[in-house]
1. Condition test on G145, is it small (G, A, S) and either surrounded by 14 or more Cβ atoms within 10 Å (Cβ to Cβ) or modelled with pLDDT of 95 or more (or both)?
2. Output the residue which, of all residues in the stretch 30-62 that are part of a strand (DSSP E or B) and among the aliphatic types (A, V, I, L, M), is farthest from V140 (Cα to Cα).
3. Would you please name the residue that is surrounded by the most Cβ atoms within 10 Å (Cβ to Cβ), looking only at residues in the stretch 100-112 that are farther than 19 Å from T34 by Cβ and either modelled with pLDDT of 95 or more or hydroxyl-bearing (S, T, Y) (or both)?
4. Would you check if D31 is among the acidic types (D, E), modelled with pLDDT under 90 and under 18 Å from I135 (Cβ atoms)?
5. Look through the stretch 37-84, keep the residues that are among the acidic types (D, E) and surrounded by 15 or more Cβ atoms within 10 Å (Cβ to Cβ), and return whichever of them is modelled with the highest pLDDT.
Amino acid sequence: MKNQFLTIFLMLFLSLPLISCSNDDDSNSNDSATVIAQLEASIKSGTWRVTNFVEDGSNQTSDFNGYVFTFSDAGAVVASNGVNTFTGTWVTSSGSSSSSSGSNPKFILEFNVSNGPFEEISEDWRIESSTNSKIDLKHVSGGDGSIDLLTFTKN
């Protein structure tokens, strides 16, 4: 009986490393870095347009009809429709595990306006996906938990 107990104990003890924590933590930071690198490489190339903007369940994409967005290497963004021009800044961030959206990488967009649609897209967006021609972003409100969606598509 004592030998059986010792054998079972040793088997359990030796199997602990197999069922304990994995190395997934390392791959999450690499995934964030990859997503950020993809977004930064693509967004600085060419011009972009808003093809989807949903705020609090209301589709407001048409507020950006005709606007062309240009993102510079220096973190500046210009949106112009030939008549009106809005300037702002953009930056990426690896995110923070203390935020409500976890450690997802962020795209922070700020326009120098105090009201209107460009104020509404001035947020810290979570990067949902990024390709050379499309960037999908999501913002979850800290106040009421409402979800905003923003998609940039390359011209």
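1. Criteria not met by G145.
2. V50
3. Residue satisfying both the conditions and the ranking: L109.
4. For D31, the condition - among the acidic types (D, E), modelled with pLDDT under 90 and under 18 Å from I135 (Cβ atoms) - is met.
5. Looking at the filtered set, the residue picked out is D63.
Listed here are the residues, each with its yes/no results for (1) touching a residue at least 40 places away in the same chain (Cβ under 8 Å); (2) within 20 Å of the chain's Cα centre (by Cα).
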| position | (1), (2) |
| --- | --- |
| G57 | yes, yes |
| S62 | no, no |
| F69 | yes, yes |
| F118 | no, yes |
| S146 | yes, yes |
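The values are calculated or read from the model by the stated rules, or taken from the named source; none is laboratory data. Given the structure is predicted, the values throughout are model-derived calculations rather than measurements. Ideal geometry is used to build each Cβ from the backbone, glycine not excepted, and the neighbour counts take in all protein chains shown.
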